[in-house]
Structures are given as C-alpha cells and as structure tokens.
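A.B. asks: Before we start, here is the structure in question, set down as structure tokens.
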Amino acid sequence: MVAQGNASVAVTTQAAEKVYRALDRPARILTRLKAEGNARLAWLPQETIVFNQARIARQTEIDVSSGAELIALEWLVLGRIESGEEVLGGHILDGWRIRVDGRLVWADGLLVSDQVFPQLRNTALLSSWKAIATMIYFGPRAETRLERLREIGASLECTCGVTRVGAIIVIRVAAIAGADLRRGLRRFLDQLNHELGCGPFGVPKMWSC
C-alpha cells in the first residue's frame with residue numbers, strides 16, 4: 001500500500017484473519033506500507049486469530065517520509081477464550097521494520113515457539129493475556145502526542161503502554177480476551193481520531209460488520 005502527495009487513506013480487512021494448525025511450514029504474511037509527501041495513512045486490520053498448533057511468520061515493513069503521518073496496527077488473539085480455545089503449541093514470528101526517509105529507525109520481533117508456549121502464563125511473559133496489539137504512530141509534534149496518547153492509554157480497561165522510540169511512538173495493548181482488546185482499541189482510535197482531527201485514523205466501519 002502506497003499513499004502519496006496529500007492523500008488520506010484508511011485500509012482495513014474484511015474480517016478477522018484466522019491461522020489454523022499446520023504440519024510444518026508456517027503461513028507467511030508480508031505487509032508493506034509507504035507514506036510519501038504529506039500523505040496520511042492508516043493501516044487498521046482486524047485481528048489475527050491463532051489456533052492451537054498454528055504456525056505463522058508475519059512481517060510488517062513501513063517506509064514514511066518526514067512530512068507524512070501514519071498509524072499502523074497489528075494484533076494477535078491466541079485462541080478465542082469465549083469458545084474455550086487454548087493455544088498450547090505452535091510457532092509465531094511477528095516482526096516489524098520501520099524506515100523514515102530511508103533510514104531504519106525501529107526493528108522489533110516477537111517469537112513464540114513450541115518450547116515457549118508452556119511458559120507464556122508466567123507473570124513476566126503474557127500472564128493471563130491472550131490478546132495483544134502493537135500500534136505505531138508517526139507524525140508531527142511527537143512529544144506532545146506522546147503525553148496525550150499516554151493519557152488515552154491510561155483510560156482504557158485494557159493494559160496499555162506508550163513509549164517514544166526516536167521519531168515514532170509505540171503503543172502496546174493487552175487484554176484477557178479478543179473482545180476486550182477490540183473494545184480497548186476502538187476507544188483508543190476514537191479518542192486518537194478526535195485528537196488528530198479529520199482524517200483516516202478512526203475506527204473502520206468494517207469492524208462493526
């Protein structure tokens with residue numbers, strides 16, 4: 001997805017993405033986003049539901065120019081708690097690479113393998129959380145935005161942390177169930193869209209379908 005000039009673009013998915021049990025090789029997902037000039041781009045997909053023994057390798061690559069504004073979201077639900085599903089094994093690799101004006105400014109990766117799943121319930125790892133999200137903001141007045149985003153995060157019923165890494169702001173949100181995380185993200189995006197003014201950063205209508 002490329003947004004150029006003064007474009008204002010919001011992109012979402014039609015439904016939740018589901019990753020089922022795999023015998024060996026993982027499902028591979030590559031998302032490339034680029035915002036050039038003064039473009040405003042929002043990548044706000046619905047959740048990725050990972051089932052027991054699923055294998056997934058996802059990479060999100062973002063290139064932005066210094067005058068652009070961008071929000072990018074990816075979220076994982078480890079089994080649907082409402083259906084009594086448990087994820088006891090599998091393979092999850094979730095990576096990010098973000099470049100500003102061609103320079104790498106942030107790289108991040110989550111790896112959960114078969115050996116790690118039995119430890120996920122430890123307090124130092126996911127504890128009782130089964131739904132986690134990472135959201136990236138890049139745009140003007142990052143320092144001012146940081147304080148406001150922290151205020152929004154603190155108002156959520158989910159657990160939320162907001163930090164600045166150089167030119168970008170990283171938001172992490174976690175909840176016990178996917179439905180709880182969805183409510184938290186909706187509230188976050190509603191308030192963020194109000195903060196940023198008219199643009200593509202609100203909750204996509206498809207999330208309500």
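Just so it is clear, none of the values below were taken in a lab; they were calculated from the coordinates. The model shown is predicted, which means the values in this text are computed figures rather than measured ones. Ideal geometry is used to build each Cβ from the backbone, glycine not excepted, and the neighbour counts take in all protein chains shown.
A.B. asks: Please report, in whole Å, how far the alpha carbons of the stretch 2-198 spread along each principal axis, starting with the longest.
C.D. replies: That gives 45, 35, 30 Å along the principal axes, largest extent first.
A.B. asks: Rounded to the nearest 500, what is the chain's calculated 222 nm mean residue ellipticity when only DSSP H runs of at least 4 contribute -39500 (n - 2.57) each, over all residues?
C.D. replies: Values: 2 runs with 32 residues, N = 209.
Mean residue ellipticity at 222 nm (helix-derived): -5000 deg cm²/dmol.
A.B. asks: How much net charge surrounds Ser8 when only the other residues with a Cβ under 10 Å from the Cβ of Ser8 are counted, with Lys and Arg +1 and Asp and Glu -1? The partial results should precede the final answer.
C.D. replies: Working: positive: Arg40; negative: Glu69.
Taking every other residue near Ser8 into account, the sum is 0.
A.B. asks: Okay, next question. Taking amide H positions as placed in the peptide plane 1.01 Å from N, state which residues far from Gln59 in sequence (5 or more) or on other chains have amide H under 5 Å from it.
C.D. replies: Ile29, Leu30, Thr31, Gly95
A.B. asks: On to the next question. Please work out how much length the chain gains when fully extended from Glu157 to Glu143, using 0.36 nm per residue of separation minus the C-alpha to C-alpha distance, in nm with one decimal.
C.D. replies: Numbers: separation 14, 0.36 × 14 = 5.04 nm, distance 2.44 nm.
Contour length minus the Cα-Cα distance gives 2.6 nm.
A.B. asks: At 0.36 nm per residue, and after removing the present C-alpha to C-alpha distance, how many nm does the segment from Gln53 to Leu30 gain when stretched out fully? It would help to have the intermediate numbers written out before the result.
C.D. replies: Values: separation 23, 0.36 × 23 = 8.28 nm, distance 2.07 nm.
Net length gain for the segment: 6.2 nm.
A.B. asks: Roughly what % of DSSP beta bridges within the chain run antiparallel, to the nearest 5?
C.D. replies: On the way: 32 of 67 bridges.
If I count the DSSP bridges inside the chain, around 50 percent turn out antiparallel.
A.B. asks: Going through the stretch 95-168, which trypsin sites (Lys or Arg not before Pro) have at most 10 other Cβ atoms within 10 Å and a DSSP loop state? Please list the in-between numbers first.
C.D. replies: Numbers: sites: Arg97, Arg99, Arg103, Arg121, Lys130, Arg141, Arg145, Arg148, Arg150, Arg164; in loops: Arg121, Lys130, Arg141.
Listed in order of number, the matching sites are Arg141.
A.B. asks: Quote the charge dipole size of the stretch 2-198 about the Cα centre in Debye, to the nearest 20; the model charges only the Cβ of Lys and Arg (+1) and of Asp and Glu (-1).
C.D. replies: Numbers: 25 positive and 22 negative charges, 34 e Å.
It works out to roughly 160 debye.
A.B. asks: Follow-up. Just check the stretch 32-73 against the gyration tensor rule for me: Cα atoms, a ≥ b ≥ c as the square roots of the eigenvalues, rounded for a/c under 1.5, and otherwise prolate or oblate depending on whether a/b exceeds b/c. Don't skip to the end; give the middle numbers.
C.D. replies: Numbers: a/c = 5.99, a/b = 2.68, b/c = 2.23.
Verdict is prolate for the stretch 32-73.
A.B. asks: If neighbour count is taken as other Cβ atoms inside 10 Å, put Ser65, Ser83 in order from fewest to most. Before the final figure, lay out each step's value.
C.D. replies: On the way: Ser65 18, Ser83 6.
Least to most surrounded, the residues fall as Ser83, Ser65.
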